[in-house]
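Okay, so here's the structure we're looking at.
The values are calculated or read from the model by the stated rules, or taken from the named source; none is laboratory data. Note that the structure is a prediction, hence the values are computed from the model and not measured. Here the Cβ positions follow ideal geometry from the backbone for every residue, glycine too, while neighbour counts run over all protein chains shown. For the accessible areas, the whole protein counts, side chains as well, though only heavy atoms, and no ligand, DNA or RNA atoms are used. Shrake-Rupley method; radii C 1.70, N 1.55, O 1.52, S 1.80 Å.
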Amino acid sequence: LEVVYGEATTRFLDLYGGRLEADDAPVLRDVAAAIGDWLRHAPARESVLHGDYRLDNLLFDDRPGADRPVVAVDWQTTGVGLPGRDVAYFLETSLTPETRRANERELVAAYHVALVAIGVADHPLDECWDDVRYGALQGPLVTVLGAAFSQRTDRGDDMFVAMASRSCQAIRDLGTLLLI
């Protein structure tokens, strides 16, 4: 996967590099260099991962009393790994950097409360936060591979650029590459 991801990163930058901020391309190249170590990391905690957990893959039923007010769809990238990957991916790709920065600590704390409520023990909030920080490479991983292997559309191009840019900003903000 490392070679494929490296080639996909080159293709991504060829296609979209002109639409990214100047400091995003170096982050994407650094992610390509680190992705193998990141993927081989054996996390202390594992769970089922959606893999592409973002707003486009959530359906909302806002009817009063709905049995399932939110349903996740598009489970084709399901795997097992560090739970923080899905949380990081959602926060970094679904929210603008400003909104993410203003709310991510509170959102991760709410996620942690939910984990504790269903019986997850021995996973303090600071470790949960570190898992999210470490998991932030999920954004460029899915974005770059998705862009490399999907049919191009104007909407898709805009989405991939936004996701890459937001992911790169999150990686810089969170110091993710320093953790690998």
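Here are the numbers:
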item	result
Scan of region 80-111 for residues that are in contact with a Lys or Arg (Cβ under 9 Å, 6 or more places away or on another chain) and free of Cβ contacts under 8 Å to residues at least 40 places away in the same chain, ordered by number	PHE90, LEU107
Residue match in region 112-130 (condition: surrounded by fewer than 20 Cβ atoms within 10 Å (Cβ to Cβ) and under 22 Å from LEU28 (Cα atoms))	yes
Check on THR176, under 19 Å from GLU2 (Cα atoms) and touching a residue at least 40 places away in the same chain (Cβ under 8 Å)	yes
Qualifying residue in region 44-53 (condition: open to solvent by less than 40 Å² (accessible area, probe 1.4 Å), modelled with pLDDT of 95 or more, assigned to a strand (DSSP E or B) and not polar (S, T, N, Q))	yes
Single match in SER150, SER165 (criterion: over 17 Å from LEU55 (Cβ atoms), open to solvent by 20 Å² or more (accessible area, probe 1.4 Å) and of a type in the set (Ser, Thr, Tyr))	SER150
Region 64-78, subset open to solvent by 80 Å² or more (accessible area, probe 1.4 Å) and touching an Asp or Glu at 6+ places or on another chain (Cβ under 9 Å), residue nearest to ARG11 (Cα to Cα)	GLN76
Near pairs, Cβ below 6 angstrom, 6+ apart or cross-chain, from region 1-27 (at pLDDT 95 or above) to any residue that is of a type in the set (S, T, N, Q)	LEU20/SER165; ASP24/SER165
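This table checks each residue for (1) small (Gly, Ala, Ser); (2) within 17 Å of SER167 (Cα to Cα); (3) assigned to a helix (DSSP H, G or I); (4) open to solvent by 50 Å² or more (accessible area, probe 1.4 Å).
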{"site": "ARG29", "(1), (2), (3), (4)": "no, yes, yes, yes"}
{"site": "ALA32", "(1), (2), (3), (4)": "yes, yes, yes, no"}
{"site": "ALA42", "(1), (2), (3), (4)": "yes, no, no, yes"}
{"site": "ASP56", "(1), (2), (3), (4)": "no, yes, yes, yes"}
{"site": "ASP62", "(1), (2), (3), (4)": "no, no, no, yes"}
